[in-house]
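Peer 1: Quick one: the structure is below, questions incoming.
The values are calculated or read from the model by the stated rules, or taken from the named source; none is laboratory data. What you see is a predicted model; the values in this text were computed from it and never measured. Because the Cβ atoms are built from the backbone with ideal geometry, glycine has one as well, and the counts that use them run over all protein chains shown.
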Amino acid sequence: MAEVSVGLFTVGVFQDVAWAAKGIDALKRAGFPPESMTILAKDAPDAAALIEKALGAKGDRLDVAAVGGVVARGPLLEPLQGTARDLGTMRRVGFQAHDARIFEALAGRGGVLVAIRGEPRAADALAILHSYGGGNAAIGAWIGRI
């Protein structure tokens, strides 16, 4: 598979859909456009409704290794394409392998992963994710270093 330049992401995992909705609303109020956001959660009606409301379109149903069936939409899905569809591919967007395992575990337990693409305001996105309960929020800053 060819390497794809997908940009820098800031990622956090919320404990559930209600917390994720609050964080996403705060990101939007801060000027982050919906097309810069990715939402990924275990496939459930409330997660699908969150994606449609927040991003304006239905999510795709995917199988992600170590998480199972998910519903997701956004630019972070690009590096998840291919045969090794798992959050371990987060290394392509600047995260280390242990970060990916944490994201997998939290999403697998029912958490809602929210990612924002955009380097210029990564610190702003990180602060908002932390402020609204985005667990293990981090900026994928390891591009070119791993």
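Peer 1: From G23, G12, which residue is touching a Gly at 6+ places or on another chain (Cβ under 6 Å), buried (at least 18 other Cβ atoms within 10 Å of the Cβ) and assigned to a helix (DSSP H, G or I)?
Peer 2: G23
Peer 1: Same structure again: Name every residue in segment 43-70 that is of a type outside the set (D, E), in contact with a helix residue (DSSP H, G or I) (Cβ under 7 Å, 6 or more places away or on another chain) and at pLDDT 95 or above, in order of residue number.
Peer 2: Residues satisfying the conditions are A47, L50, A54, L55, G56, K58, G59.
Peer 1: Quick test of your reading of the structure: R85 fulfils all but one of (1) at pLDDT below 95; (2) buried (at least 19 other Cβ atoms within 10 Å of the Cβ). Name the failing condition by number.
Peer 2: Among (1) at pLDDT below 95; (2) buried (at least 19 other Cβ atoms within 10 Å of the Cβ), R85 violates only (2).
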